[in-house]
Amino acid sequence: MSTQGVELAWLDARETVTVMELSQACGLSADELQELIEYGALSPLQAGESQVIFSAACVTSMRTVGKLRRDFDLDLFALATVLGYLGRIEELERELRTFRAHVPGHGSQ
């Protein structure tokens, strides 16, 4: 599969990615991802002895986190905090879209 095809598949939340695929996508090592899991900032769908699997929905936010790490030299605890805030922002944006959809005269603004 081409790189573009793989990236398009990752945007589909029904798809899954391995820890190595997520590592390649975001630029964080598998050990760093494991530490984010231990902080509770990153939740795998499946964490077996042989393989850790994540929802592909996390790829976009993890890419942002990887970029922030490189740009601002953030430590992993700060990245865990950023991940929490990114999740909260996404949740609030979903709620706002839902509310706007139910208010007459508030099309897509």
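Taking Cα pairs under 8 Å and at least six residues apart, what relative contact order does region 3-102 come out at, in percent?
30 percent
Treating only the Cβ of Lys, Arg, Asp and Glu as charged (+1, +1, -1, -1), what charge dipole size does region 3-102 show about its Cα centre? Round to the nearest 20 debye.
Its charge dipole is roughly 440 debye.
For the ranges 98-105, 38-45, what's the packing order if you count other beta-carbon atoms within 10 Å of each residue, average per peptide, and put the highest first?
38-45, 98-105
For PHE77 paired with TYR39, estimate the spin-label separation in nm (one decimal), with each label point 7 Å from Cα along the Cα-to-Cβ line.
The answer from the label model is 0.9 nm.
How high is the FRET efficiency between SER29 and SER55 when r is their beta carbon distance and R₀ equals 25 Å, given to the nearest 0.05?
Computed FRET efficiency for SER29 and SER55: 0.80.
Over region 3-102, what lengths in whole Å, largest first, do the semi-axes of the equivalent ellipsoid take, defined as the square roots of 5 times the eigenvalues of the alpha-carbon gyration tensor?
Whole-Å semi-axes of the equivalent ellipsoid: 22, 18, 14.
Which FRET efficiency value, to the nearest 0.05, is calculated for GLU21 and GLU95 with the Förster distance at 35 angstrom and r the Cβ-Cβ distance?
It comes out at approximately 0.70.
Amide H of LEU42: which non-local residues (sequence gap of 5 or more, or other chain) have their own amide H closer than 5 Å, using H built in the peptide plane?
ILE37
Since every read-out is calculated from the coordinates, none of them should be taken as a lab result. On a predicted model such as this, the values are computed, not experimentally measured, just so you know. Note that we place each Cβ from the backbone using ideal geometry, even for glycine, and neighbour counts take in every protein chain shown.
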